[in-house]
1. Kindly provide the set of residues from the stretch 80-97 that are within 14 Å of P7 (Cα to Cα) and either at pLDDT below 95 or more than 12 Å from the ligand (Cβ to nearest atom) (or both), ordered by number.
2. Any residue in the stretch 17-36 that is closer than 19 Å to E122 by Cβ, in contact with a Cys (Cβ under 9 Å, 6 or more places away or on another chain) and of a type outside the set (A, V, I, L, M, F, W, C)?
3. Of everything in the stretch 104-159 that's under 21 Å from A82 (Cβ atoms) and assigned to a loop (DSSP other than H, G, I, E, B), which residue is nearest to the ligand (Cβ to nearest atom)?
4. So is T14 of a type in the set (V, I, T), surrounded by fewer than 19 Cβ atoms within 10 Å (Cβ to Cβ) and near the ligand (Cβ under 9 Å from one of its atoms) or not?
5. Quickly run through the stretch 82-104 and pick out the residues that are charged (D, E, K, R), open to solvent by 60 Å² or more (accessible area, probe 1.4 Å) and within 17 Å of the chain's Cα centre (by Cα).
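The values are calculated or read from the model by the stated rules, or taken from the named source; none is laboratory data. Keep in mind that this is a model prediction, so the values were computed, not measured. All Cβ positions, glycine included, derive from the backbone under ideal geometry; neighbour counts span all protein chains shown. These area figures cover heavy atoms from the full protein model, side chains too; ligands, DNA and RNA do not enter into them. Shrake-Rupley method; radii C 1.70, N 1.55, O 1.52, S 1.80 Å.
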Amino acid sequence: MKIAVCPGSFDPITSGHLDIIERATFLYDKIIVAVAKNTLKKPLFSVEERMKFAEEAVKNFKGVEVKLFDCLLVEFAQKNQAQVIVRGLRAITDFEHEFQMAQLNRKLDRNIETIFMMASPEYGYLSSSAVKEIAKFNGQIEGLVPKEVEISLRRLFGK
Ligand code: ADP
């Protein structure tokens, strides 16, 4: 059974994340969406909220599970018998950071392969931070995030 991990902070999960997760379900038997408890960026949503949004958003995808992760990514993959880490690439600006992480993870465990999927053109510009920025100024976020996330952001930013 081929198991892949889609890791991230998912603060909050966006349509761009969901596009990558769904496309990964066509390639692997099981996908574990690994929601990072601690992230370098100070999260807007708690890990519980980020997980709840992700769980709701993937509930109709086949073979997708959402789990919290609070350790080294390769350790999480090992514990969950995953052979693959799936990451999304939007622009060349993502590349340097992703390249470094993939090489570091390979150094830690060369049996775990990092696979990159190119963002779909309609989501190439989309990021969690952009969505938060738009929501903060009461801009239109419909379609950029799942409905529950949209409602929460509207509530948080007072509209
Ligand atoms: P991290 O904080 O670890 O970068 P994110 O939650 O921001 O986590 O992103 C998780 C993964 O999803 C990353 O591989 C990121 O490149 C990818 N991703 C984020 N937004 C998009 C998008 N719009 N299209 C494709 N991939 C994306």
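1. Step one: filter the stretch 80-97 for residues within 14 Å of P7 (Cα to Cα), giving 80, 82-89.
Matches in the stretch 80-97: N80, A82, Q83, V84.
2. Within the stretch 17-36, the subset closer than 19 Å to E122 by Cβ is 17-26.
With the extra rule that they be in contact with a Cys (Cβ under 9 Å, 6 or more places away or on another chain), the set shrinks to 17, 20-21, 24.
Now drop any that are not of a type outside the set (A, V, I, L, M, F, W, C), which leaves 17.
The answer is yes, given that some residue of the stretch 17-36 is closer than 19 Å to E122 by Cβ, in contact with a Cys (Cβ under 9 Å, 6 or more places away or on another chain) and of a type outside the set (A, V, I, L, M, F, W, C).
3. Per the stated criteria, the residue is I112.
4. On the way: of a type in the set (V, I, T): yes; surrounded by fewer than 19 Cβ atoms within 10 Å (Cβ to Cβ): no; near the ligand (Cβ under 9 Å from one of its atoms): yes.
No, not satisfied.
5. So the first thing to find is which residues in the stretch 82-104 are charged (D, E, K, R), and the list is 87, 90, 94, 96, 98.
Retained after the next criterion (residues that are open to solvent by 60 Å² or more (accessible area, probe 1.4 Å)): 90, 96.
Within the stretch 82-104, R90 is the sole residue that qualifies.
Conditions (1) within 27 Å of L108 (Cα to Cα); (2) open to solvent by 20 Å² or more (accessible area, probe 1.4 Å); (3) more than 13 Å from the ligand (Cβ to nearest atom); (4) not aliphatic (A, V, I, L, M), marked per residue:
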residue: Y28; (1), (2), (3), (4): yes, yes, yes, yes
residue: T39; (1), (2), (3), (4): yes, yes, no, yes
residue: K52; (1), (2), (3), (4): no, yes, yes, yes
residue: V58; (1), (2), (3), (4): no, no, yes, no
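Conditions (1) within 15 Å of V84 (Cα to Cα); (2) aliphatic (A, V, I, L, M), marked per residue:
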{"position": "D19", "(1), (2)": "no, no"}
{"position": "I32", "(1), (2)": "yes, yes"}
{"position": "L40", "(1), (2)": "no, yes"}
{"position": "V47", "(1), (2)": "no, yes"}
{"position": "E55", "(1), (2)": "no, no"}
{"position": "K62", "(1), (2)": "no, no"}
{"position": "V66", "(1), (2)": "no, yes"}
{"position": "L72", "(1), (2)": "yes, yes"}
